[in-house]
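Reading through the structure tokens given below for one structure.
Any read-out appearing in this document is the output of simple, stated calculations on the displayed coordinates, not a laboratory observation. These numbers come from a predicted model, not from an experiment. With ideal geometry, Cβ positions are generated from the backbone for all residues, glycine too; neighbour counts draw on all protein chains shown.
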Amino acid sequence: MIDSNSINDLIGADVYGSGDAKIGTVGQVYVDNDTQAPTWVTIRTGLFGNSETFAPLTDANFDAGIVRVAYEKAFVKDAPRVDADGALSDEEEQSLYSYYGMTDTTAPRTEGALYDQDADRGVNAHGTEGHDTSGPTTDDAMTRSEERLHVGTERVAAGRARLRKHVVTEQVTKTMPVSHEEVTLSREPITDANAADALAGPDLSEEEHEVVLTEERVVTAKETVPVERVRLGTETVTEQQTVNEDVSHEEIELDDHDVRTTSTTDGTVTDRDLRS
């Protein structure tokens, strides 16, 4: 059951039936004369309709701006109709009891209506009386909205790059000249020039002469020297990217199956006749 604190919010709220099918919007709210609790609502189902359908709130609930009744959409739409002035005859009341299988004590009473439908009637610029099905706070014009796409950029991390140094060992070949000594034997005859040296010793003797031979060997040494410096940097590269996105917009159509219209040469409607 919907309590009396929600009455003001019910006006203009969407009404859904069982199976989550939308029926229409709330036009009027009827309350119990003793408890002031809402018991019935009228539901508007046409854009320019001048009658409304009653639905009971006995097993209904109201949440997030939506009224959900415990009846199917087709069943509610086939309920007895009521004129837009909210007045009910005894025959109309009795037909509502029978249709919803309710007793007389639960019937809607005209004097208990919270919202007078005549309050949201107005005359448009062409002098034709219109009926606002959206609620008591809107005017005789409808606002059409659309989505606009705004494209910008944001900077996000796309990857990482780092410098890492490691040691690589490779073979280096170099050619180096090296020298060594070898023994040579030379003989020379006795001459007047060397006879004195040759006869300086004993006539016969044993004797040894020794020569030390030398050679060069390759010696290596390594040193570490800096050869270059490497650093990381960034540069900005701009490229074109195409963005595809769905945007929505509202379109307004005229539901004129119950309206006689007369158009001017520029296509604007100058006269509307609502059929009862």
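Using 0.36 nm per residue and subtracting the Cα-Cα separation, the extra length available between Val178 and Leu149 on full extension is 2.2 nm. A Förster radius of 30 Å, combined with the Cβ-Cβ distance separating Asp14 from Asn244, puts the computed FRET efficiency at roughly 0.40. With r defined as the distance between the Cβ atoms of Ala157 and Ser98 and R0 fixed at 41 Å, what FRET efficiency is calculated, to the nearest 0.05? For Ala157 and Ser98, the calculated efficiency is 0.05.
Between the beta carbons of Thr220 and Ala198, assuming R0 = 35 Å, the FRET efficiency works out to 0.10 to the nearest 0.05. Fully extending the segment from Val212 to Ala74, taken as 0.36 nm per residue of separation minus the present Cα-Cα distance, adds 36.9 nm. Reducing region 177-241 and region 139-164 to their Cα centroids gives an inter-centroid distance of 79 Å.
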